[in-house]
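Structure, as structure tokens:
Each reported figure results from applying straightforward, stated rules to the coordinates on display, with no laboratory input. A quick note: this is a predicted structure, and the numbers were derived from the prediction, not measured. No Cβ is skipped: glycine too gets one built from the backbone with ideal geometry, and neighbour counts run over all protein chains shown.
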Amino acid sequence: MNKRTFIKRIALAGLTAPALFKTENLLRAAENRAPVDLAQDSDFWARIRATYKLKPDYINLESGFYCIQPEDTLEQFTRHVREVNYQGSYYMRNYRLENKERIAAALAEMANCSPDELIITRNATESLDTIIGGVDWNPGDEAVLANQDYGAMRHMFQLVEDRYGVVQKIIDVPTHPKSDQEIVDAYAAAITPKTRLLMVCHIINITGHILPVHKICDMAHARGVDVMVDGAHAFGHFHVSIAELDCDYYGTSLHKWLSAPLGAGFLYVKKKNVSKIWPMFGDKPREADDILKLNHTGTHPAHTDLAIANAINYHNHIGGERKEARLRYLQNYWTDQARELDHVVLYTPVERHRSCGIATVGIKGMVPADMASALLDSHGIFTVAIDGSGVHGCRISPNVFTSTEELDTLVRALKAMA
């Protein structure tokens, strides 16, 4: 074996090294159990919980901002940091881009799209702002979005309004819709012949409401409008197939529900749309339909890219269906109880298919910031306050390491506060 081959194999260690999983026997025994049945098995999930190092000072019910990495991913991420630092510029010049391409292909397989339609970014904001800022806008062009959309993207639309004269058509997504059609109609009513782009959340970050994206895409495409999906809280949380959604653009953060290191995300652009988007940063000349033209952001932490592969491995190790079933079970476990309490308001639809792990709860007459403080100071529960766009409460986002005993503490706290 020559020196170059040896170093290349080291450089690819993040893609090929054996995982450090300590749950092989546990998962092997669960192979024939339905995910919905397994979701209620506290002993099984206690073993999964043991693969995380959890801070004992509080109950962490704020996985929505950043899902902490399991110890396996964290250890391998640290190993990547050391290896990239050890090789220095040699790795960066010889193997960084090759490995990034291979990891992007693994993400594309997981997302059910073509590898030449996906690039690794730093987060959902970078991904979606690349599209908003890259559209060749004309004065008077219209964009449809919702009050419940994430602030960073709404701010980006404001920038293109200020710069290019784009008109924003802002709707309200019904919190408790009677049907999918009610949601589709809300977006359809805002579309005019001047509409160029429609943005929709796959799952609304402030309520946990999963929207009927495929139906919205069908409606918009029939009117000649492209659809950009904010999937920041979807990927790694529940089943995501970009091919099934049939959207034009999709952006997500991998440091959320996939539990990759901070600073990891991806952008999907349907192949036929790549040539329509202007790059945000200059790069060497590329073909108009080469998605890599949108991916030049200078030198970036290559060790984070490598750890994405480890995060995918851990996700697949547990199993996406098992994870989704557990997260939905945990959310329904506490919300079913909370909906029965006086003076308690749930901003998340009651129908099982309209949500997964995230739900938002408020207490009548209580300021969300005060509610969050009381949960932490009096009950040892860490959450985040949501106060805007018609939502006034605390977002509760557990993870696979969350126990039902911790959620019992939450319900007792809500009873006391209400």
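Picking from R154, R79, R93, which is most flexible by a Gaussian network model of the chain using Cα springs under 10 Å?
R93
So which lysines can K323 reach, going by Cα to Cα under 18 Å and dropping same-chain residues fewer than 8 places off?
Correct list for K323: K22, K256.
Counting helices only, and only those DSSP H runs with n ≥ 4, report the 222 nm mean residue ellipticity of the chain as the sum of -39,500 (n - 2.57) divided by its residues, in deg cm²/dmol to the nearest 500.
-13000 deg cm²/dmol
Using the count of nearby Cβ atoms within 10 Å as a rough guide to exposure, how do T51, T121 rank from fewest to most?
T51, T121
Residues with amide H under 5 Å of G263's amide H, sequence separation 5 or more or different chain, H placed in the peptide plane at 1.01 Å from N; which?
H255
Amide H neighbours of I363 under 5 Å, at least 5 residues apart or on other chains, H built in the peptide plane: list them.
Distant-sequence amide H within range of I363: V345.
With the calculation restricted to Cα positions, what are the radius of gyration and Dmax of the chain in angstrom?
21.9, 72
What whole-number distance in Å separates the alpha-carbon centres of region 118-151 and region 18-83?
33 Å
Give me the lysines in straight-line cross-link reach of K364: C-alpha distance below 29 Å, same-chain residues under 8 apart excluded.
The reachable lysines, counting only those whose Cα sits under 29 Å from K364, are K178, K415.
Between region 158-215 and region 289-328, what is the C-alpha centre distance in whole Å?
27 Å
Using a 7 Å offset from the Cα along the Cα-to-Cβ direction at both D377 and R93, what is the distance between the two label points in nm, to one decimal?
5.8 nm
Each residue of region 285-293 in turn: what ³J(HN,Hα) in whole Hz from Karplus with 6.51, -1.76, 1.60 and θ = phi - 60°, glycine and Pro shown as x?
Per residue, the Karplus-derived 3J(HN,Hα) values read x, 9, 4, 4, 9, 8, 5, 5, 5 Hz.
Using Stokes-Einstein with the Kirkwood hydrodynamic radius over Cα pairs, what translational diffusion coefficient do you get for region 93-312 at 20 °C and a viscosity of 1.002 mPa s, in µm²/s rounded to a whole number?
122 µm²/s
Which residue, A19, A34, A104, has the most motion in a Gaussian network model of the chain that connects Cα atoms within less than 10 Å?
Ranking A19, A34, A104 by mean-square fluctuation puts A34 first.
Say we join alpha carbon atoms closer than 10 Å with springs in a Gaussian network model of the chain; which of A124, A190, A234 then has the biggest fluctuation?
In this elastic network of the chain, the residue with the biggest mean-square fluctuation among A124, A190, A234 is A190.
Of C113, C201, how do they rank once you tally other Cβ atoms within 10 Å and put the fewest first?
Placing the least packed residue first, the sequence is C113, C201.
Full-extension gain between E405 and V36, please, as 0.36 nm times their residue separation minus the C-alpha to C-alpha distance.
That works out to 130.9 nm of additional length.
Hull surface divided by four, with the convex hull built on the Cα atoms of region 321-417: how many nm²?
Mean projected area of the Cα convex hull: 5.9 nm².
If amide hydrogens are placed 1.01 Å from N in the peptide plane, which non-local residues have theirs closer than 5 Å to the one on M280?
none
Rank these for me by crowding, R286, R322, R412, R354, going from fewest to most other beta carbons within 10 Å.
Ranked by crowding around the Cβ, least crowded first: R412, R286, R354, R322.
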